[in-house]
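Everything below concerns the one structure shown next.
The values are calculated or read from the model by the stated rules, or taken from the named source; none is laboratory data. Everything numeric here is computed off the predicted structure, so don't read it as measured data. Counting neighbours? That spans all protein chains shown, and the Cβs are built from the backbone with ideal geometry, glycine included. For accessibility, only protein heavy atoms count, side chains too; no ligands or nucleic acids. Shrake-Rupley method; radii C 1.70, N 1.55, O 1.52, S 1.80 Å.
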Amino acid sequence: MTIIELKAPRPLVKPRTLPFYDFQISAVLAIPKPKRRKWLPLDRVLDGRQSRRDFKASLTFQELGDLLWYSSRTRHTTRLAGNTLWASKPSPSGGGCHPVQMLVLRAPVLGDKLLLYDSDHHVFGVRELLNAKLLHKCLREVDECLETHNGTVIWFVADLARSGTKYRNPESLAWRDSGAILATIGLVAEGMGLECCGLGLHDIPSLRRFFKLSKSVIGVGGCVIGRGHWRRAIAG
């Protein structure tokens, strides 16, 4: 096993402004307002959370939207000196930079397209894929790590330029942020009675080639979300 030691991040004396990666979104898709739902108590969520992999049924669009609202929305932002931005979300992030973007494959709507979650406005940006073969190839690559069945894939992509506005050597922060997001999504999914399992793979190679991602934009894992027999058992 080869262990690569990442350098410790160091705050910059003078924050800098760097361009963010452009995913070339072609349209915007509105997400339904969060539904008022009956939540499991926190102690049951913490005691019962585990990776669940049935994914027998697809999420509804409402469920996907609610999951992202409660786990990943931007609650508020503050512009700091040097024109850098600090944001508050349910999961913590080094320097409030939140470099991780969420790309959604096999969404309950527009399942043949790629969706990018805009946490600031709680909407999806829509990105056209070249063809259905590309989508199927991406899903096969995920299936090599975890069989998705009817689940929705959420891929985490970290734009290191965001953390790089405030830190030197920001690479390790992206991985910490990714873990915090995965944990938060897992707890929200448990509280909603959904199946959730983290992905061991970092990148989806076909999507990296499709986007022509630079080395400063890295895949940092993700998860699969769906519904299964467990959900029906607790809902009853």
Is any residue of segment 96-126 close enough, with backbone N under 15 Å, to a label point placed 7 angstrom from the Cα of residue 143 along the Cα-Cβ axis, and if so, which?
106
Just checking my list (1) 28, 21, 18; (2) 24, 20, 19; (3) 34, 19, 18 against semi-axes √(5λ) of the Cα gyration tensor in Å computed from this structure; which label fits?
(1)
Area accessible to solvent at residue 77, 1.4 Å probe radius, in Å²:
70 Å²
If you take the beta carbon distance between residue 208 and residue 62 as r and set R0 to 30 Å, what does 1/(1 + (r/R0)^6) give as a FRET efficiency, to the nearest 0.05?
0.45
With every protein chain left in place and a probe of 1.4 Å, what is the accessible surface of residue 22, to the nearest 10 Å²?
100 Å²
Modelling each spin label as a point 7 Å along the Cα-to-Cβ direction, I'd like the residue 77/residue 176 distance in nm, to one decimal.
2.3 nm
Could you work out the relative contact order of segment 1-136? I mean the mean sequence separation of Cα pairs under 8 Å and 6+ apart, divided by the number of residues, in percent.
26 percent
Please list 159, 203 in order of solvent-accessible area, largest first, computed with a 1.4 Å probe with all protein chains present.
203, 159
Please say if segment 156-224 is rounded, prolate or oblate, where rounded means a/c under 1.5 for a ≥ b ≥ c the square roots of the C-alpha gyration tensor eigenvalues, and otherwise the choice is prolate for a/b larger than b/c and oblate otherwise?
oblate
Distance cut-off 20 Å, Cα to Cα: go down the list 137/212; 14/215; 113/137; 89/166 and report the pairs above it.
14/215
Give me, ordered by chain and number, the residues 5 or more places off residue 220 or on other chains with an amide H under 5 Å from its own placed amide H.
156, 157, 158
If you average the sequence gap of Cα pairs under 8 Å that are 6 or more apart and divide by the length of the chain, what percent do you get for the contact order?
30 percent
Return the calculated 222 nm mean residue ellipticity for the chain, to the nearest 500 deg cm²/dmol, obtained by summing -39500 (n - 2.57) across DSSP H runs with n ≥ 4 and dividing by the residue count.
-9000 deg cm²/dmol
Suppose each label sits 7 Å from its Cα in the direction of the beta carbon; what would the residue 54-residue 121 distance come out to in nanometres?
3.8 nm
Going 7 Å from the Cα of residue 131 in the Cα-to-Cβ direction, what parts of segment 199-221 have a backbone nitrogen less than 20 Å from that spot?
205-212
Given a Förster distance of 22 angstrom, what is the FRET efficiency for residue 216 paired with residue 13, based on the Cβ-Cβ distance and rounded to 0.05?
0.55
Could you report the accessible area of residue 60 in Å², rounded to 10, computed with a 1.4 Å probe on the protein chains as they sit in the structure?
60 Å²
With every protein chain kept in place and a 1.4 Å probe, the residues 5, 141, 128, 147 fall, from largest accessible area down, as 5, 147, 128, 141
Top to bottom by accessible area (1.4 Å), largest first, where do 117, 70 land?
70, 117
With Cα atoms, 0 to 90° folded angle of helix 171-192 axis to the chain main axis
20 degrees
Student exercise, the chain dipole from Lys, Arg, Asp, Glu Cβ charges, in Debye to nearest 20
480 debye
Alpha-carbon centroid distance for the pair segment 150-221 / segment 1-55, whole angstrom
7 Å
Assuming a ≥ b ≥ c are the square roots of the Cα gyration tensor eigenvalues, decide whether segment 102-236 counts as rounded (a/c under 1.5), prolate (otherwise, with a/b larger than b/c) or oblate.
oblate
